[in-house]
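The values are calculated or read from the model by the stated rules, or taken from the named source; none is laboratory data. Computed from a predicted structure; not experimentally measured. FYI the Cβ positions are ideal-geometry reconstructions off the backbone, even for glycines, and counts take in every protein chain you see.
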Amino acid sequence: MEGLILRLSALDADAENALRVIGFFDQMITGPTDVDTLVRNAARLAECPAGVRVDGGLFVRADPSGRLSTAGKVPASAIRRKFAGGMTIWLERASDPLPLDAMVLERFAITAAALLDHSRVPAPELGDPALVELALSDSAGIAERSRALQLLGLAPTTPVFVLAVRSSTTSGFDEVVAALGGRPAGVRTADLGQQRAALVSWLFPDTEPHIRPPAGTIVGIAERTPAIEAPRAWRSARTAVRLGTAVQPVVRAAELGGFALLAERLTAADIATVADVTALDQLARGASGAETLDILIAVEATDSVRKAAAAVFRHHSTVAARLALAESVLGFRVDTPAGRARLQLALVLRRIRDTAGPT
C-alpha cells in the first residue's frame, strides 16, 4: 500500500496525484483493516501526526513512526475537519498545509467513517460480559476496545484494576466480587477460559483492592492501568493467578519480579529437566502428599516451623517430622536461607508447569 504514494510533500495537487491519494485510502476500505492501522497509515502518508476523535470516548493518534496514543486533545494548531456524529479528523503540521492535505483529510474521514460505522450491528446491552471480554482482548483494535469501554460506562483513561480469579467453586468468584465492597465505582465480570475476570474501576485513586478470598480461590491482581490498556493488565493478572497458593491466595503482579518472566517464558518441557521439581512430584505421590506440599509451601512463605505449622493448622512437631522426610527426598535442607530460596523456586516452577496451557 505504501508503495502507491511517494512522499506527500513532493506531490502536486493535480488530478493524477489526487487519484493516488484516493486509491491509498480506498485500499484500506476494501481490505482487512482497523482504525489503528488507518491512523498509522494516514500519519505515515502525511509525514506528520494524525488522529481520529469521536465524541463519547474514542481517541486514536499516531505519529509518522506508527506509535499510537489513546488519550489526549486535538491540538489547537491542527488542520482539522469536524463531521456529523461527533467525529473529528486532524493532521498536526509543524509548517503550512501541503497541497494535498485537504484531499488527505477528506479521504481519511471517509475511510474512518466506514470503519466506525456500527449502524448495522445491534449494540450489546450495558454490562454484557462480552463487552468485558472485548475490553480485555489483545486481538481487538483500539476503536473496538474504546467502544466496548464506552458501553461499559468507562472512559479510555479511567483507572482500573484487572483481576484474574481461579476458584474451585462458582461461589468463590462471587465472594471475591462481594468482598470488594463499596469502594469500587464499578465491577464488571466475565468468564474467560479457565479463569474469571473482573474489571474494577476504583473510587479512591490512592488505595488498592484488599481481598481475602474463600478457601479454594486464588486471585491475581494487575497494577492499576488506564482502561484502554486493560489487555496488558489482563495478561499480568493471569500470570499472577498462576503463582498463587492456599497459603498466599492473593498475588499482585507488581510483586512478582523475575518470577513473572519465568511464568511467561518457560514451558513444561523446560521444567521437566529440573530435579527439584521431580522430587516435589515424588513427594506429592506419597502418603499424605498433598499435606506435605502444603507444609513445604507454608515453610517457603514463612520464616519458622512454628509459623508454618500455624498456617496449615498442624502441631509444630508434626510439621518438623514431615519436613525431615521431605528433605530426605529433596536432598537439601529447607530451613536455611539458601534452602528456602531453592524450595521457593522449585515450588514456583511446579506451579508454572501445572498451570500452563490455554487460559
Report, by residue number, each residue of the stretch 26-48 that is closer than 21 Å to residue 86 by Cα and in contact with a helix residue (DSSP H, G or I) (Cβ under 6 Å, 6 or more places away or on another chain). 29, 35, 36, 38, 42
Which listed residue is closer than 18 Å to residue 152 by Cα and of a type outside the set (D, E, K, R), from 241, 187, 251: 187
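The rows are residues; the columns are (1) outside the structural domain of residue 159 (by TED's automatic domain parsing); (2) over 18 Å from the mean Cα position of the chain (by Cα); (3) of a type in the set (Ser, Thr, Tyr).
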residue	(1), (2), (3)
217	no, yes, yes
230	no, no, no
234	no, no, no
250	no, no, no
263	yes, no, no
279	yes, yes, no
282	yes, yes, no
Answer with yes or no whether residue 205 is at pLDDT below 75 and more than 17 Å from the chain's Cα centre (by Cα). yes
Taking the condition of being in a strand (DSSP E or B), more than 29 Å from residue 311 (Cα to Cα) and touching a Ser or Thr at 6+ places or on another chain (Cβ under 7 Å), how many residues in the stretch 213-270 meet it? 1
What residue, of 271, 295, is closer than 15 Å to residue 354 by Cα, surrounded by 13 or more Cβ atoms within 10 Å (Cβ to Cβ) and touching a Lys or Arg at 6+ places or on another chain (Cβ under 6 Å)? 271
So is residue 303 closer than 28 Å to residue 220 by Cα and surrounded by fewer than 13 Cβ atoms within 10 Å (Cβ to Cβ) or not? yes
In the stretch 146-179, anything part of a helix (DSSP H, G or I) and closer than 21 Å to residue 221 by Cβ is listed as 149, 170, 171, 172, 173, 174, 175, 176, 177, 178, 179
Which condition breaks for residue 148 when tested against (1) surrounded by fewer than 21 Cβ atoms within 10 Å (Cβ to Cβ); (2) at pLDDT 75 or above? (1)
Can you tell me which residue among 86, 72 is loosely packed, with under 13 Cβ neighbours inside 10 Å and closer than 19 Å to residue 229 by Cα? 72
